[in-house]
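This report concerns only the one structure given below.
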Amino acid sequence: MVLTETSPQPPMGQQFLKEVNPSPNQSLLPLTATINQQDHLEIGGCDVTTLLQQFGSPLYIMDEHSIRTACRQYREGFANNYSGDSLVIYASKALNCLAICALVAQEGLGVDVASGGELYTTLQAGVDPETIYFHGNNKSRGELQEAIDCGCTIVADNWLELETLAELAPHSTPQVMLRITPGIECHTHEYIRTGHLDSKFGFDPNQVETVLQFFQNTPALDFVGFHAHIGSQIFEQQPHQDLAGVLVDWLKRARELGLAARELNVGGGLGIRYTEQDDPPSISEWTATVAQAVETACQKAEIPLPKLICEPGRSLVGTTGITAYTIGSRKQVPETRTYIAVDGGMSDNARPITYEAVYRCFVANQMSQTASETVTVAGKHCESGDVLIQQATLPATQPGDTLVVMSTGGYGYSMASNYNRLLRPAMVLVHDGKADVMVNRESYQNLIQNDHLPERLQRDR
Ligand code: LLP
């Protein structure tokens, strides 16, 4: 569709730059985004189009300054608003690889892991196990053993886990938290809502009393406190305030039963900006709300302040990363729409096809051009639903132009696949004009490294 003169002027590269905001989760672009003399987008002092030539296309680009800023805002938010001890742990499911784990640990954060694989990567990155928390609704016996062996805290989700831990524990006394389903509803996509009662995660509230008795009778497990996570991409603050009250009530009950419960983990969930319409609270507002709610609830309950923990994922890395693609083919469906295709798609960003997630994009090698058409940005997979953006307003583009999709730092690479045997893109960390590889681009050889060709199927070549 060609835009007419009366069409509202859609935001283009320069307009998007105006959406840079000091709270990373409220910023559509990484904090270091600028336009250089070639009219190209720069992130972390690196020209995005040049990065594509250097590292290949598509490419995940993460901005170190934005990640560090988000980490600091979380830490300071708690430190300035909570009189007790606190710890921010990074929910690494949003993006787990060696470099990101090392980076957040350098900023004083712990790491939340949700599988043996995330735990392994985090340990390999050198993160102190005392700051690692292991989640999941179906941890295997092997995973529980790995957690015990390294000495991280285990967030128990169900009876089977508690019984297995009690069996494995005699020589170690692992630290165990209890995940509860708080029965709090929030407004987000149903697939990423977790705090309502009909959720696969955590203990139902009416079971908690029995679980506390189990801890009383099982000294081999060190019960450290409660955890809950109500969902993801949340813009409201009220559910988190309510959650503080629910968790503090349980903490009080555990203390009445003589348990040395001393930590309270309120989960993650703060939303980010994928489009101009998204309006999440800032990291500072969110941390202040949570810290004050927990402190007030503890005063009311007359219990000492627990160590306060939160575990953000998306809001630490989401808007700090972009994906750069190269534009390829174009197809015009008369009187319907124009498709432009890029060299990636649902394999590097599964969120549009999974959650109908909406993203914004622009052309990084012509930032000052005004929009002239509305197109559908399609991926290159053999799947009609492989569309990254249904309606993108862009200037006229040519094959070879650089298309940048914003806010892909969280749940992009971590949910990536090799569908159609596409190679997963490389990821670089940019800072002060320098780009370091965090993840290599896959090769064709990588694709077959775990394949096995039984002898009877081998043919002379
Ligand atoms: N803690 C627990 C126990 C979680 O399950 C999650 C996310 C987090 C923390 C971090 O939540 P965040 O701060 O990132 O909202 N793949 C989905 C998101 C699934 C979230 C799963 N759990 C997406 O792409 O939207």
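Here are the numbers:
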{"item": "Strands (runs of 3 or more DSSP E) contained entirely in the stretch 330-434, each with at least 2 residues that are not β-branched (Val, Ile, Thr)", "result": "337-342, 361-363, 373-378, 387-394, 426-431"}
{"item": "Residue within the stretch 301-314 that is in a helix (DSSP H, G or I) and basic (Lys, Arg) present", "result": "yes"}
{"item": "Residues located in the stretch 285-319, provided they are open to solvent by 20 Å² or more (accessible area, probe 1.4 Å) and within 16 Å of the ligand (Cβ to nearest atom)", "result": "Glu285, Thr289"}
{"item": "Index of the failed condition, Thr275 passing every other in (1) buried (at least 24 other Cβ atoms within 10 Å of the Cβ); (2) of a type in the set (Ser, Thr, Tyr); (3) within 22 Å of Thr408 (Cβ to Cβ)", "result": "(1)"}
{"item": "Restricting the stretch 323-347 to residues that are over 30 Å from Ala94 (Cα atoms) and either of a type in the set (Lys, Arg) or within 16 Å of the ligand (Cβ to nearest atom) (or both), the residue that is most open to solvent (accessible area, probe 1.4 Å)", "result": "Lys331"}
{"item": "Conditions (1) within 16 Å of the ligand (Cβ to nearest atom); (2) surrounded by 15 or more Cβ atoms within 10 Å (Cβ to Cβ): number failed by Ser417", "result": "(2)"}
{"item": "The stretch 348-383, subset over 14 Å from Asp401 (Cα atoms), among the hydrophobic types (A, V, I, L, M, F, W, C) and away from the ligand (no atom under 16 Å from the Cβ), residue modelled with the lowest pLDDT", "result": "Ala371"}
{"item": "Of all residues in the stretch 434-450 being over 25 Å from the mean Cα position of the chain (by Cα) and open to solvent by less than 50 Å² (accessible area, probe 1.4 Å), the one that is nearest to the ligand (Cβ to nearest atom)", "result": "Leu447"}
{"item": "Residues within the stretch 248-265 that are buried (at least 24 other Cβ atoms within 10 Å of the Cβ) and within 16 Å of the ligand (Cβ to nearest atom), tallied", "result": "2"}
{"item": "Selection count where residues are within 15 Å of the ligand (Cβ to nearest atom) and either of a type in the set (D, E, K, R) or in contact with a Gly (Cβ under 7 Å, 6 or more places away or on another chain) (or both), scope the stretch 271-284", "result": "5"}
{"item": "Test set (1) in a helix (DSSP H, G or I); (2) in contact with a strand residue (DSSP E or B) (Cβ under 8 Å, 6 or more places away or on another chain); (3) modelled with pLDDT under 95 - Ala260 fails condition number", "result": "(1)"}
{"item": "Test: Ala435 is out of contact with any Ser or Thr (no Cβ under 6 Å at 6 or more places or on another chain) and touching a residue at least 24 places away in the same chain (Cβ under 8 Å)", "result": "yes"}
{"item": "Qualifying position, being at pLDDT below 95 and open to solvent by 20 Å² or more (accessible area, probe 1.4 Å), among Arg456, Arg424", "result": "Arg456"}
{"item": "Options Ile35, Ile100, Ile43, Ile61; residue that is away from the ligand (no atom under 16 Å from the Cβ), within 17 Å of the chain's Cα centre (by Cα) and farther than 30 Å from Leu305 by Cα", "result": "Ile61"}
{"item": "Pair list, Cβ under 7 Å, 6 or more apart: the stretch 289-317 residue in the same structural domain as Tyr82 (by TED's automatic domain parsing), other residue away from the ligand (no atom under 16 Å from the Cβ) and basic (Lys, Arg)", "result": "Ala301/Lys252; Ile303/Lys252; Ile303/Arg255; Pro306/Arg262; Lys307/Arg262"}
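Residues checked against (1) of a type in the set (Gly, Ala, Ser); (2) closer than 30 Å to Arg424 by Cα; (3) within 19 Å of the chain's Cα centre (by Cα):
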{"site": "Leu270", "(1), (2), (3)": "no, yes, yes"}
{"site": "Thr275", "(1), (2), (3)": "no, yes, yes"}
{"site": "Glu295", "(1), (2), (3)": "no, no, no"}
{"site": "Glu302", "(1), (2), (3)": "no, no, no"}
{"site": "Lys307", "(1), (2), (3)": "no, no, no"}
{"site": "Glu311", "(1), (2), (3)": "no, yes, yes"}
{"site": "Thr319", "(1), (2), (3)": "no, yes, yes"}
{"site": "Ala324", "(1), (2), (3)": "yes, yes, yes"}
{"site": "Ile327", "(1), (2), (3)": "no, yes, no"}
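The values are calculated or read from the model by the stated rules, or taken from the named source; none is laboratory data. What you are looking at is a predicted structure, and each value in this text was computed from that prediction instead of being measured. Please note: Cβ atoms are built from the backbone with ideal geometry, for glycine as well, and neighbour counts cover all protein chains shown. Accessible surface areas use protein heavy atoms only, side chains included; no ligands, DNA or RNA. Shrake-Rupley method; radii C 1.70, N 1.55, O 1.52, S 1.80 Å.
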